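Throughout, read-outs are computed from the coordinates displayed, never taken from laboratory work. These numbers were taken from a predicted model, which means no experiment stands behind them. Positions of Cβ are generated from backbone atoms using ideal geometry, with glycine treated the same way; all protein chains shown enter the neighbour counts.
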Amino acid sequence: MIEVHSWPTPNGHKMHVMLEECALPYKAIAVDIGSGDQFRSDFLAISPNNKIPAIVDPDGPGGRPISVFESGAILLYLGEKTGQFLPRDLAARVPVYEWLMFQMGGFGPMPGQVHHFIGLKDETERRYGLSRFMAETRRLYGVMDRRLAAHEFFADDLSIADFAILGWVWRHPRHQVDLADFPHVQRWYRAMMARPGVQRGFAVPLRRA
Ligand SMILES: N[C@@H](CCC(=O)N[C@@H](CS)C(=O)NCC(=O)O)C(=O)O
């Protein structure tokens, strides 16, 4: 059974959603990042950047165990392993790569900065950080809204790119974005959150042992 070392955050939930949607059996292991579990040496052995998520698949390529860190790499690995949510055809795969990288490089780091600056006590630092990163976060919502105006999903069909982006859109109240301002993202978000696999993924119990 695949072990997912995780926590109920945007990057953690991506994993739980993918595993549920693929109907893969897995064991969720809590890494409480608020208590510093990510710095434990046993976790460092599978996640050298000290961040969740990471997985251990005892039945990796060639039947040998493998660990994978970085949520985008894990989504690609699971897509390859199962043949689900990652098209075989290269032309169909390109938009999956594009929107997955869009999330990993931008729509994750930028709202993540909003989540950081929103909690600062110093008003000057807070104001600068929020004006910069909220504007960029909203710009990225605009990019997604334009894409979804003409597409049901980010790529041609439901894919790992949707699961990656969903983890962060789920946090829109925290980065203070009203989805009503981005109606196509709102339509997509509602459809995604109505999926039973997605709902199971977001409900995965993760408590520290
Ligand atoms: N690029 C990484 C980012 C992972 C990440 O930032 N994880 C956060 C939680 S969402 C974390 O572990 N934070 C703990 C820390 O920074 O100490 C990925 O997508 O896997």
For the stretch 49-162, what does the relative contact order come out to in percent, with C-alpha contacts under 8 Å and a separation of six or more?
26 percent
Can you give me the convex hull volume of the Cα atoms of the stretch 70-124, divided per residue and expressed in Å³?
81 Å³
Residue by residue, what Karplus-based ³J(HN,Hα) values in Hz, rounded to whole numbers, does the stretch 34-47 have, using 6.51, -1.76 and 1.60 with θ = phi - 60° and x for Gly and Pro?
x, 9, x, 4, 5, 9, 5, 5, 5, 6, 4, 5, 10, 9
What number, in percent, do you get for the relative contact order of the chain if the mean sequence gap of Cα pairs under 8 Å and at least 6 apart is divided by its residue count?
28 percent
Among 124, 101, 184 - extreme Cα towards positive end, dipole of the chain, charges at beta-carbon
124
How would 124, 82, 9 line up from fewest to most surrounding beta-carbon atoms within 10 angstrom?
124, 82, 9
Take residue 42, project a point 7 Å from its Cα along the Cβ direction, then tell me which residues of the stretch 1-20 have their backbone nitrogen under 20 Å from it.
1-8
Computed from the mean reciprocal separation of all distinct C-alpha pairs, what Kirkwood hydrodynamic radius does the chain have, in Å?
17.7 Å
Phi angles of the stretch 142-156, converted by Karplus (6.51 cos²θ - 1.76 cosθ + 1.60, θ = phi - 60°) into ³J(HN,Hα) in whole Hz with x for Gly and Pro, give x, 4, 5, 4, 5, 4, 6, 5, 10, 9, 5, 10, 5, 9, 5
Mean separation of Cα pairs under 8 Å and 6+ residues apart, divided by the residue count of the stretch 8-89: what relative contact order is that in percent?
24 percent
If you place +1 on the Cβ of every Lys and Arg and -1 on the Cβ of every Asp and Glu, how big does the dipole about the Cα centre of the chain come out, in debye to the nearest 20?
380 debye
With 0.36 nm assigned to each residue of separation and the Cα-Cα distance removed, residue 135 to residue 195 gains 18.6 nm
Dipole in debye (nearest 20) - the stretch 1-123, about Cα centre, beta carbon charges: Lys, Arg +1; Asp, Glu -1
160 debye
Which residue, 148, 24, 140, has the most motion in a Gaussian network model of the chain that connects Cα atoms within less than 10 Å?
24
Would you calculate the separation in nanometres between label points at residue 91 and residue 73, each defined as 7 Å from the Cα along the Cα-to-beta-carbon direction?
3.2 nm
What ³J(HN,Hα) values, in whole Hz, does the Karplus curve 6.51 cos²θ - 1.76 cosθ + 1.60 give for the stretch 116-122 when θ = phi - 60°, with x put for Gly and Pro?
6, 5, 4, x, 6, 7, 5
